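This report concerns only the one structure given below.
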């Protein structure tokens, strides 16, 4: 599943931590793409490296078991 989203807030450490926690609760492979970078959402360091700002265009890609559940839960946070 691929979703194009607009970031509601800047990416902060607490938000990145919450995204990683939520993604880790699923069996899905989850990636977040921003500009020319991509990160495994289950990786806190990977997420922090994206350093996106409020209003940024992001692409959330989920695959595998729980992909739809992961996408909906993360979409609500981003």
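Calculate how steeply helix 67-77 sits against the longest principal axis of the alpha-carbon atoms of the chain, using the helix alpha-carbon long axis, and give the answer as 0 to 90 degrees to the nearest 10.
Value to nearest ten degrees: 30.
Taking the Cα centre of each part, how many Å lie between the stretch 1-28 and the stretch 55-73?
Centre-to-centre (Cα) distance: 8 Å.
When averaged across all projection directions, what area in nm² does the alpha-carbon convex hull of the chain cover?
Taking the Cα atoms of the chain, their convex hull projects to 4.0 nm² on average.
Would you mind giving the average projected area, over all directions, of the Cα convex hull of the stretch 38-78 in nm² with one decimal?
One quarter of the hull surface, i.e. the mean projection, equals 3.1 nm².
Hey, what angle do you get for helix 13-24 against the long axis of the chain, alpha-carbon based, 0 to 90 degrees rounded to 10?
Its long axis makes an angle of about 10 degrees.
How far is it, in nm, from the label point at residue 3 to the one at residue 24 when both lie 7 Å from their Cα along the line to the Cβ?
For residue 3 paired with residue 24, the spin-label model returns 2.1 nm.
Since every read-out is calculated from the coordinates, none of them should be taken as a lab result. Owing to the predicted nature of the structure, the values given are computational and were not obtained by experimental measurement. Positions of Cβ are backbone-derived with ideal geometry, glycine not excepted, and every protein chain shown enters the neighbour counts.
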